[in-house]
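The values are calculated or read from the model by the stated rules, or taken from the named source; none is laboratory data. These figures come from a predicted structure and were not determined experimentally. Cβ: placed from backbone, ideal geometry, glycine included. Neighbour counts: every protein chain shown. When the accessible area is computed, the model is the full protein with side chains, heavy atoms only, and any ligands, DNA or RNA have been set aside. Shrake-Rupley method; radii C 1.70, N 1.55, O 1.52, S 1.80 Å.
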Amino acid sequence: MICAVVLGAGLSSRMGAQKLLLPFGGKTVIAHIVDQLFASSVDHVYVVVGHQGRKVGEELSGRKVTIVENSAYESGMLSSVRCGLSHLPENCSAILVALGDQPSITPQLVDKMLEAFAATEKRILVPLYNGRRGHPLLISKSYRDEVLTGFDDVGLRGLLHAHPEDVFELTVSSSAVLSDMDCPEDYRRELERIEEQTKKTPRSET
């Protein structure tokens, strides 16, 4: 089983509003991301909430997601990663750690990552665009306990640095793996991106 853990507990302080609830593609940002994951080969989606967690959870009502509350969300992203990992079932073999503010990820990207992960013996996969590592991150569940107990000061980057021999860098053609949303300028950029994708879709289907 492949599980996705979506990190959606942050304060959105630089955005000036709860960015997960901003309009995006006829939905909200968080609903769009979750639906993209459901359209991929991921088996189950967990969403870790914190700031305005009730509203975020309500936005996903009707979807078969598991909402996980992180009461310590103000302590940083790693606390949300750990919160999500601690709720995974035993039969979850790999975890896709996705950002709740990265709406440009697509089912095609996720499936490409899953296919590459299945084909390699390495247990950590990170997408690479123009030599830069991005998100989401795909890791074997064998690293679950290590993440739960380590890397307090550096987060998941510490896992990559601790096991460089076990990291597979998957080169991708889309800069979306580098694009999250921290401020209003980022949000406008992502809106423009999805508008362009929407324009191109009818032509690509004909």
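Observations
- Among the residues of the range 101-142, those identified as in contact with a Pro (Cβ under 8 Å, 6 or more places away or on another chain) and not small (Gly, Ala, Ser) are GLN102, ILE105, LEU109, VAL110, MET113, PRO127, ARG133, HIS135, PRO136.
- Matching residues in the range 151-161 - criterion: being part of a helix (DSSP H, G or I) and either open to solvent by less than 90 Å² (accessible area, probe 1.4 Å) or modelled with pLDDT of 95 or more (or both): LEU156, GLY158, LEU159, LEU160, HIS161
- In the range 162-176, residue farthest from PHE151 (Cα to Cα) [restricted to those that are more than 17 Å from the chain's Cα centre (by Cα) and not in a strand (DSSP E or B)]: SER173
- Test: residue in the range 82-92 that is among the acidic types (Asp, Glu) and closer than 20 Å to PHE38 by Cβ: no
- Restricted to the range 51-60, and to residues there that are open to solvent by less than 20 Å² (accessible area, probe 1.4 Å) and of a type outside the set (Gly, Ala, Ser), the residue that is farthest from SER12 (Cα to Cα) is LEU60.
- Qualifying residue in the range 66-75 (condition: open to solvent by less than 40 Å² (accessible area, probe 1.4 Å), out of contact with any helix residue (DSSP H, G or I) (no Cβ under 6 Å at 6 or more places or on another chain) and in contact (Cβ under 8 Å) with a residue 24 or more places away in the chain): no
- Assessment of the range 85-95 against the conditions (in a helix (DSSP H, G or I) and under 26 Å from HIS161 (Cα atoms)) yields at least one matching residue.
- Flag not set for ARG189, criterion: charged (D, E, K, R), at pLDDT 90 or above and under 18 Å from LEU78 (Cβ atoms).
- Annotation note: of LYS122, LYS112, the sole residue that is open to solvent by 50 Å² or more (accessible area, probe 1.4 Å), within 17 Å of SER40 (Cβ to Cβ) and either touching a helix residue (DSSP H, G or I) at 6+ places or on another chain (Cβ under 9 Å) or touching a residue at least 12 places away in the same chain (Cβ under 8 Å) (or both) is LYS112.
- Residues satisfying the stated conditions in the range 116-134, i.e. more than 14 Å from LEU159 (Cα to Cα) and part of a loop (DSSP other than H, G, I, E, B): THR120, GLU121, ASN130, GLY131, GLY134
- Some residue of the range 36-50 being in a loop (DSSP other than H, G, I, E, B), open to solvent by 20 Å² or more (accessible area, probe 1.4 Å), closer than 21 Å to SER140 by Cα and not hydrophobic (A, V, I, L, M, F, W, C): yes
- Residue in the range 138-150 that is touching a strand residue (DSSP E or B) at 6+ places or on another chain (Cβ under 8 Å) and open to solvent by 60 Å² or more (accessible area, probe 1.4 Å) present: no
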